[in-house]
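A short worksheet on the structure shown next.
The values are calculated or read from the model by the stated rules, or taken from the named source; none is laboratory data. Here the structure is a predicted model, which is why all the values come from computation and not from measurement. As a convention, Cβ positions derive from the backbone with ideal geometry for all residues, glycine included, and neighbour counts pool all protein chains shown.
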Amino acid sequence: GQRKSDAMCALLTRSVFACACGESDCTAPPPAPTAPAAGTEIVIHVVTDADTLAGGSGPGWVDGHGVICDEHVRDLAARHDATLAPVTPVRTPPTRVAAADDVRTRTANAAAPRPDAASVIVFPGALPGDPYRPTSACAEFVRVRDGYCTEPGCTRSAFTADVDHVAEYDHARPARGGATSSENLNAKCRAGHLHKTHGDWTDVQYRDEQGRLVTEFVTPEGFVIPGEAETLEDLFPNLRRIRFEQAAKAPPPPRIIVPDRHGRQPRMITERTAAKHAKRREERARNQAQREANRHARTAAANCQPKTDDNPPPF
């Protein structure tokens, strides 16, 4: 087994074994000098809280494996080749601090913010010169938060996935399209991204009454398929205190319009794509209205429950 392992390592690194007999009359040919083989870099993503790294008790999460203990986290962080990086940008200050259930992310019929709710730190979510592109910190945060591809049934890593706008970004009218924010972005593998872009499925992402991030997919027939039951926010609740938002008046992205060989100006967005995006906006609006109606029905049913007296008789 050890020889097979050494042979496989030699094949991967393209190295040649030299004879180690030590005899002066050894007939084995010496290995020819070769250029050093290109090194193979293996990157392992580990997510944890700062308190856990400092010695506290808490879980860790390894991409491709799952949950690990705090001692394992600190052992990995103590390696000489480990790189520690926060999920928030180091050189970019936050734009504002808001309540955990801020009015910008709540619906009109949701409950009012709790006075004891933890604050949320908001950072810029889009590049200053191109509001369609998320910042590197925003994209990395979305991958850390999701952990996996959000396509139903897909277990591919979010760290190799694309960061997709749930509500499509409108290049012609950016104010109407989906914002480049962490609440409107999620991770999709390349196959799932193409399925959403060129297919007829509609995905919806929102926060429920408990503040959990929920992703749903609606088929062309109207069936609602729930996404992942949990994200890394459930394992690391402090992720809910971080948001990335697009600036309110972001400039439109620069575009260079090149005429075709007949001198005609091409259309930036085809009518088919615009109609598809409009259909998805209507579908998301109907889904949101249905969620609000269901919420009101649950509230009304809870208020109509008869009050029971648990005291022993006589009443």
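Which is modelled with pLDDT under 85 and either within 16 Å of GLY147 (Cα to Cα) or part of a helix (DSSP H, G or I) (or both), of ALA229, ALA247, ALA187, ALA191?
Every option except ALA229 fails the conditions.
Go through (1) at pLDDT 90 or above; (2) part of a loop (DSSP other than H, G, I, E, B) one by one and return the number of the condition ASP200 breaks.
Among (1) at pLDDT 90 or above; (2) part of a loop (DSSP other than H, G, I, E, B), ASP200 violates only (1).
How do the pairs read when you match residues in the stretch 142-160 that are touching a residue at least 24 places away in the same chain (Cβ under 8 Å) and among the basic types (Lys, Arg) with residues anywhere that are outside any helix (DSSP H, G or I) and crowded, with 23+ Cβ neighbours inside 10 Å, using Cβ under 6 Å and keeping only pairs 6 or more apart or on different chains?
ARG143/ALA187; ARG145/THR231; ARG156/CYS149
Determine, yes or no, whether PRO253 is modelled with pLDDT under 65, surrounded by 10 or more Cβ atoms within 10 Å (Cβ to Cβ) and closer than 30 Å to PRO86 by Cβ.
For PRO253, the condition - modelled with pLDDT under 65, surrounded by 10 or more Cβ atoms within 10 Å (Cβ to Cβ) and closer than 30 Å to PRO86 by Cβ - is met.
Within the stretch 122-134, identify whether any single residue is in contact with a helix residue (DSSP H, G or I) (Cβ under 8 Å, 6 or more places away or on another chain), among the small types (Gly, Ala, Ser) and modelled with pLDDT of 90 or more, and answer yes or no.
Yes, some residue in the stretch 122-134 is in contact with a helix residue (DSSP H, G or I) (Cβ under 8 Å, 6 or more places away or on another chain), among the small types (Gly, Ala, Ser) and modelled with pLDDT of 90 or more.
Considering only residues of the stretch 156-172 that are out of contact with any strand residue (DSSP E or B) (no Cβ under 6 Å at 6 or more places or on another chain) and in a loop (DSSP other than H, G, I, E, B), which is surrounded by the fewest Cβ atoms within 10 Å (Cβ to Cβ)?
Filtering the stretch 156-172 for residues that are out of contact with any strand residue (DSSP E or B) (no Cβ under 6 Å at 6 or more places or on another chain) and in a loop (DSSP other than H, G, I, E, B), the one surrounded by the fewest Cβ atoms within 10 Å (Cβ to Cβ) comes out as ALA172.
Regarding VAL87, is this residue surrounded by 11 or more Cβ atoms within 10 Å (Cβ to Cβ), in a loop (DSSP other than H, G, I, E, B) and modelled with pLDDT of 80 or more?
Yes, satisfied.
Could you tell me whether ASP170 is touching a His at 6+ places or on another chain (Cβ under 9 Å), charged (D, E, K, R) and modelled with pLDDT under 85?
Taking the combined requirement at face value, the residue satisfies it.
State the number of residues belonging to the stretch 16-54 that are at pLDDT 75 or above, closer than 26 Å to LYS4 by Cβ and under 48 Å from the mean Cα position of the chain (by Cα).
Count: 3.
Filter the stretch 174-197 down to residues that are hydroxyl-bearing (Ser, Thr, Tyr) and in contact with a Pro (Cβ under 7 Å, 6 or more places away or on another chain), then give me how many there are.
Number satisfying all stated conditions: 1.
Can you tell me which of (1) surrounded by 13 or more Cβ atoms within 10 Å (Cβ to Cβ); (2) without any contact (Cβ under 8 Å) to a residue 24 or more places away in the chain; (3) not charged (D, E, K, R) is the one GLY211 doesn't meet?
Among (1) surrounded by 13 or more Cβ atoms within 10 Å (Cβ to Cβ); (2) without any contact (Cβ under 8 Å) to a residue 24 or more places away in the chain; (3) not charged (D, E, K, R), GLY211 violates only (2).
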